[in-house]
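Encoded as C-alpha cells, the structure appears first; notes follow it.
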Ligand code: F0G
C-alpha cells in the first residue's frame, strides 16, 4: 500500500464539488511546505512563515485549481480547454490537459510572459497563441470564444479553479494547527485571494479552525487597479505574473480584505526586487510576483499596520525558475575568468572568504 500524498482532490474530497463519477485528474499537487522564515521574520520581529507554492508539479499554485478544473471538464465531456494567461495558468493547463487527453489552447500577451512558463506550455504541446495585447485583452478574447464554442474556460472565472485553490488555506491551518493571524498574498486577477478566503471561512464554519486571518493582498504599483479604484489600461511591472489591469475577481478580493479587517495595497518594483533578493538569501527562489507578498509585509510592518510579534503567512505563489531572466535585475553577476588554476584561485581569494 502506498502512503504517498494523493493530490488535493483525494486529500480534501469532502470539501470539494466532486462525486464518485468525477475522474480525478491529478499530478499530485498540494502538500507544499510551510517554511518558517529564518531571516526576514526575525528581522521584522514577526513569526513569519512562507507557504512555498512553487513546489507544486508545474511550479505554481495554479495546479491546485487546475486539478479541479480539468477533472470537472473531463466529467462534463469536454475535449478542449482554453485560458488567457500571464504564464502560470497556461503552464498548468497545458500539463494537466496533456496528462488527461484534452486539447489545450493558451492565449498569452506577446513577449510578456516569463521564459520558463512559455517553455512549459510548449513542452506540453498546448497550442500557444501570442497576441499583441495585454492579459486583460487576452482574457476578453477567450471569454468570447468559450461562449461561442464548446471549449472549457480554465481561468479563475471558472469556479472549480477557486474550489481547488482554497485547499491551500486548509493546508496552512492543518500545518499551523490553527488559522494564522495574517495572510499576505500577491494579487493579479484576484482569484487566489478569493480562494484562500473561501478556504479559511469554510474551515471555520465546519469547526476545524476557530479564527480567521486578516487578509492582506498586494498588487504591483504599476498594476494596482484595486488600490486605485479604477482599471489600469496599460499595466506595468517587472512582476509579469500580476501585470493585470482589470481583475475578474476584483469585488471578491475587496470583500475578503474588508470582511477580514485586512487591506489591498501596492508595492513598487523596487520593493518587490528587494524582497526577491531577501527570499533568495534565505534559500527560497521565487518569481518576482511571489515576492510581492513579502514586500507588502515589510511595508505593513514599517507602517505599523502589522504589529511586532504577529503570526504571518506569506504565500510564495511561483518558483524562481519560472522567470530566470529576473535575476538580471539584482546585483549579483557572473564573472568571467580564464580557465586556469591561477586565475580562478585569484578570483576566489579576492572574495574575502577567509
Ligand atoms: N503569483 C503568481 C506567480 C501568478 O502566476 C499569479 C497569477 C498570481 C500570483 C496572482 O494570482 O491572479 O489569482 O490574483 N497568474 C495568472 C496566470 C494570472 O495567468 O498565470 P491571482
*What does a probe at residue 131 reach in segment 263-304, counting residues whose amide N is under 15 Å from the point 7 Å along Cα→Cβ?*
none
*Going by C-beta contacts inside 10 Å, put 328, 265, 20 in order with the fewest on the left.*
20, 328, 265
_Segment residue 145-residue 233, extension gain: residue separation times 0.36 nm, minus the distance between their alpha carbons_ = 29.5 nm
*For segment 1-58, what is the relative contact order in percent, using Cα pairs closer than 8 Å and at least 6 residues apart in sequence?*
30 percent
*Pick out which of 291, 11, 126 has the largest mean-square fluctuation in a Gaussian network model of the chain, springs linking Cα atoms closer than 10 Å.*
11
*Between 103, 341, 62, which gets the highest mean-square fluctuation from a Gaussian network model of the chain, Cα cutoff 10 Å?*
341
*Over the chain, relative contact order from alpha-carbon pairs under 8 Å, at least 6 apart, %*: 18 percent
_segment 152-180 versus segment 255-304: alpha-carbon centroid distance in Å_ = 20 Å
*If R0 is 30 Å, what FRET efficiency do you get for residue 3 and residue 176 from their C-beta distance, rounded to 0.05?*
0.85
*How big is the antiparallel share of DSSP beta bridges in the chain, given as a percent to the nearest 5?*
15 percent
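Determine the calculated [θ] at 222 nm for the chain from helices alone, applying -39500 (n - 2.57) to every DSSP H run no shorter than 4 residues and normalising by the residue count; nearest 500 deg cm²/dmol.
After summing the helix terms and dividing by residue count, I get -11500 deg cm²/dmol.
Quick check on segment 1-57: take the gyration tensor over C-alpha atoms, sort the square-rooted eigenvalues as a ≥ b ≥ c, and tell me if it's rounded (a/c under 1.5), prolate or oblate.
Prolate is the answer for segment 1-57, as a/c is 1.5 or above and a/b outweighs b/c.
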*Among DSSP beta bridges whose residues both lie in segment 135-273, state the antiparallel percentage, nearest 5.*
0 percent
*asked:* What distance in nm lies between label points placed 7 Å from Cα along the C-beta direction at residue 115 and residue 303?
replied: 3.5 nm
*Would you kindly state how much longer the chain becomes between residue 13 and residue 344 on full extension, computed as 0.36 nm times their sequence separation minus their alpha carbon distance, in nm to one decimal?*
113.6 nm
*Fewest-first ranking of 271, 255, 152, using other Cβ atoms within 10 Å as the exposure measure*: 255, 271, 152
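Compute the Cα gyration tensor for segment 176-215, then decide on rounded, prolate or oblate, letting a ≥ b ≥ c be the square roots of its eigenvalues: rounded whenever a/c is under 1.5, prolate when a/b is larger than b/c in the other cases, and oblate in all that remain.
It is oblate, given that a/c is not under 1.5 and a/b is not larger than b/c.
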*Hey, fewest Cβ within 10 Å first, where do 197, 250, 5 land in order?*
5, 250, 197
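Computed from the coordinates by the stated procedures, all read-outs in this text should not be read as laboratory data. Bear in mind that the values here come from a model prediction, so they are computed numbers and not experimental data. Positions of Cβ are backbone-derived with ideal geometry, glycine not excepted, and every protein chain shown enters the neighbour counts.
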